[in-house]
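Below: the structure, in C-alpha cells.
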Amino acid sequence: MKKLLDLITEEAAKAFLAAGYDTSYARVSVSNRPDLCEYQCNGAMAAKKEYKKAPIMIAEDVAAKMADSPIFEEVTAVNPGFINMKLAGSFVADYMKAMEADEHLSVEKTKEPQTIMIDYGGPNVAKPLHVGHLRSAIIGESLKRLGRFMGHKVIGDVHLGDWGLQMGLIITELQERQPSLPYFDEALTGPYPEEAPFTIGELEEIYPAASARSKTDEAYREKALEATHQLQLGRPGYMALWTHILNVSVSDLKRNYEKLNVEFDLWKKESDAQPYIPELVQLMKDKGLAHEDQGALIVDVKQETDTKEVPPLLLLKSDGSSLYATTDLATIVERKKLFDPDEIIYVVDKRQEMHFVQVFRAARMAGLVDENTKLSFHGFGTMNGKDGKPFKTRDGGVMRLEHLIKDINDEMFKKIVENRSVRDTEAQKTAEQVGLSAIKYGDLSNQASKDYVFDVDRFTSFEGNTGPYILYTIVRIKSILNRYTENGGSLKNGAILPPANSVEKDLMLKCARFNGVMENAYEEKAPHKICSYIYELSNDFNRFYHETKILSEENEAQKASWIALLDLVRRVLEACIDVLGFDAPERM
Ligand code: ARG
C-alpha cells in the first residue's frame, strides 16, 4: 500500500501542476506545528526563485487548487508561504480500512528480495553467556526479524567461538587436574569415551580458573597456546575433548537463547571455516597481498586516505597457526560458497571495529566477495550500570546473563502479583514475558551504536517509555476487545468511520505511519525507530482510551468502528513487538 504521505504528496503535485508550477516543489511532510495543521508543504518558498514571485502568492495559488481535492478538509496558505493541510476524516478512515484489510498492515514487501546473513550472538564455547553477549543477541535477532518482515531472505548465524585460546586453556587445565585421561596420551588415537569428563557446571568453573592462571603463569600460558595449536592441527585426543566441550556448551547455550526468544538458523562455528584457510592463504600469497614479517604472514590494509592508523592484518602467526582475522576471512569464503549472500551484517561490540575494517579491506582486496556484496559492521555500544561503568554484579563481578534475566523476572513477578487480576499460576509465565520486554525494549530503544545505562527500576516500570508499558497497552486493548466479543459483538473489518474527534484522528494518523516507519527502520537498520513509534502509538491510544467511553457507547455503528480501530492498533503494536523479539501476554 502506498504511504499516506506519498498519497498526500501526489495530491499536492496535482495542485502545483494545475496552478502552473513544477511538481518537484510538492514535497509534503508531517507538520512540525501539530497545533496548526497535520501536514505541511514548504515548496512555495523554494519555488520563489524560479517563478520570481512572493512565496505566499504561490502558496495561495496551490492551496486554491488543493481545496478541490476530496482528501483534504482544509488547506491554507500562511505567511511567508507555508501550505498547511488537514486531512478529510473520510480519507483517513478509508486508509484505516485499507490497512485493516491488508494482512501485512500496509507495509509493502520488497520487490527485490536479498539474501542477507546476520552474524550475531557470537558466544564462545565453554564460557557462560554474560551481559556482554546480550546486546548482540537482542539487536541481531531484531534485525533478522525486520529484514524478514520486509520480505528479504535472512539467515542468522551464531558464529560460535570454538577455536581460540579458550579451548587450549581448558585442555591444559583438564590435563593438570586429570592427567591420566586418555585424551592426553599421545600414543592413543581413540576411540575415546563417549561421556564427557565434565559437566557444564564444571566446565564453567574450569575456564575462568585456567584463564586466571594463564595471566600470571607464563609457562602455563605457553602450554595453552601450544594445546590450541595442536588442536588446530587436529591432534585426535584434543579433537575428542573439543567435541565434548562443544556438545556440553551448545546445549546450554541453546537453552539460554531460547529464554531470550533468540533463534539462530545456523549454528556454524569458527572451526567450520578452517578447511578454507589453506586456499585463502594461498590466494593471498598468489595475489601478492600477504607477505612475511618477522616470520608471521601479514596483509597491509592501510589506505592513503586513512585518518587513523590501520595496522596490518595478521593472517598467520610464525608457528603457522591462524588467528581471529584468519577465521573471519575464511568464514567469508565459506559463506560466499554456501549461501552467496548479497550482504553480511556483523552485529558485534563496536570495540571490535578495527578488526572488521581490516577484515573487510582484506576481503575486498582479495576479491573474496563480489563488488556489490555488502559487508556491514553494525557495532553496538556498552551496556553500563547506573554508575556509568560496564554493568557488573553487586560485588563487581561479571554478570551472567542467566542471573540478569532471573533478577528482572523476579522483579516483574513481584509487580504482577501486586496486581491481583492475574491468577498465580499464570504469574510466573507472565513475569517472564514482561521481563523479556523490559530487557529487550530497554536495549533496543537506544540507538545501537551508543552506550546505555541498564536501569532495572526504569526498564521494569509500567509507565513511561518501557517494554512493560507497551505490553500493558496491548493487554488493555485485548481486554476491551474480549469484553466486546463476550457481549456478542464481532470484530469485523470495514466498520471504521471517520474520526469522531481530534484525539481519535491523531490515533488514526499515527497508525497510518506504520509502513513508513518500518521502511525507514529497515533502511537504517534502526530498531530504535520502531520503539519510538510504538511508544507514540501507545500514548495516542491511551489518550483516546481515557477520553472515550468505548463499550458504553450507544450508537452501535460508532462502537463497532472504535472496536475495529482498536483491533487495528493492536495488530500494528503486535507486529512491531514481534519484530523487536518479544510478545504480549493475555493479562498482566
Ligand atoms: N566470539 C567473538 C567474541 O566474543 C565474537 C564473534 C563476532 N563475529 C565475528 N564474525 N567475528 O568476541
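The values are calculated or read from the model by the stated rules, or taken from the named source; none is laboratory data. All figures in this text were calculated on a predicted structure; none of them were measured in a lab. Every residue, glycine as well, gets a Cβ built from its backbone with ideal geometry; the counts of neighbours run over all protein chains shown.
Points worth noting:
- Qualifying residues in the stretch 315-342 (those that are without any contact (Cβ under 8 Å) to a residue 60 or more places away in the chain, within 19 Å of residue 375 (Cα to Cα) and within 13 Å of the ligand (Cβ to nearest atom)) - the one surrounded by the most Cβ atoms within 10 Å (Cβ to Cβ): 329
- When residue 541 is tested against (1) buried (at least 21 other Cβ atoms within 10 Å of the Cβ); (2) over 16 Å from residue 574 (Cα atoms), just one condition goes unmet, and that condition is (2).
- Among all residues of the stretch 285-298, there is none that is out of contact with any Asp or Glu (no Cβ under 8 Å at 6 or more places or on another chain), within 16 Å of the ligand (Cβ to nearest atom) and modelled with pLDDT of 95 or more.
- Matching residues in the stretch 363-395 - criterion: being aliphatic (A, V, I, L, M), away from the ligand (no atom under 13 Å from the Cβ) and at pLDDT 95 or above: 365, 366, 368, 369
- Options 113, 80, 70, 55: the member that is surrounded by 18 or more Cβ atoms within 10 Å (Cβ to Cβ) and at negative phi: 55
- Count - residues of the stretch 343-362 that are surrounded by fewer than 21 Cβ atoms within 10 Å (Cβ to Cβ) and either assigned to a helix (DSSP H, G or I) or away from the ligand (no atom under 12 Å from the Cβ) (or both): 10
Every residue, every condition in (1) over 25 Å from residue 30 (Cα atoms); (2) acidic (Asp, Glu), yes or no:
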{"residue": "513", "(1), (2)": "no, no"}
{"residue": "521", "(1), (2)": "no, no"}
{"residue": "525", "(1), (2)": "no, no"}
{"residue": "530", "(1), (2)": "no, no"}
{"residue": "540", "(1), (2)": "no, yes"}
{"residue": "552", "(1), (2)": "yes, no"}
{"residue": "577", "(1), (2)": "no, no"}
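- Long-range neighbours under 6 Å by Cβ, at least six apart or interchain, first residue farther than 17 Å from residue 28 by Cβ within the stretch 54-70, second polar (S, T, N, Q): 56/79
- Filtering 278, 312 for residues that are modelled with pLDDT of 95 or more, under 24 Å from residue 189 (Cβ atoms) and away from the ligand (no atom under 16 Å from the Cβ) leaves a single hit, 278.
- Looking at 440, 478, 406, 429, just one residue is in contact with a Gly (Cβ under 8 Å, 6 or more places away or on another chain) and part of a helix (DSSP H, G or I), and that residue is 440.
- Looking only at the stretch 249-268, and only at residues there that are surrounded by fewer than 21 Cβ atoms within 10 Å (Cβ to Cβ) and either more than 30 Å from residue 577 (Cα to Cα) or among the polar types (S, T, N, Q) (or both), the one that is farthest from the ligand (Cβ to nearest atom): 261
- Strands (runs of 3 or more DSSP E) (entirely within the stretch 78-190) containing at least 2 residues that are within 30 Å of residue 448 (Cα to Cα), more than 12 Å from the ligand (Cβ to nearest atom) and touching a residue at least 12 places away in the same chain (Cβ under 8 Å): 115-119, 153-157
- Qualifying residue in the stretch 402-425 (condition: surrounded by 15 or more Cβ atoms within 10 Å (Cβ to Cβ), aliphatic (A, V, I, L, M) and either within 16 Å of the ligand (Cβ to nearest atom) or within 30 Å of residue 306 (Cα to Cα) (or both)): no
- Here residue 485 passes the criteria (1) crowded, with 16+ Cβ neighbours inside 10 Å; (2) of a type outside the set (Gly, Ala, Ser); (3) without any contact (Cβ under 8 Å) to a residue 24 or more places away in the chain except the one numbered (1).
- Of residues in the stretch 363-397 being assigned to a loop (DSSP other than H, G, I, E, B) and in contact with an Asp or Glu (Cβ under 7 Å, 6 or more places away or on another chain), the one farthest from residue 526 (Cα to Cα): 386
- So residue 166, is it of a type in the set (S, T, N, Q) and over 24 Å from residue 120 (Cβ atoms): no
- Against the test of being touching a Pro at 6+ places or on another chain (Cβ under 6 Å) and of a type outside the set (Phe, Trp, Tyr), the options 430, 473, 466, 373 yield a single qualifying residue, 430.
- Scanning the stretch 269-282 for residues that are surrounded by 17 or more Cβ atoms within 10 Å (Cβ to Cβ) and not aromatic (Phe, Trp, Tyr) gives 269, 270, 271, 272, 273, 274, 277, 280, 281.
- Of all residues in the stretch 558-588, those being modelled with pLDDT under 95 and among the hydrophobic types (A, V, I, L, M, F, W, C) number 1.
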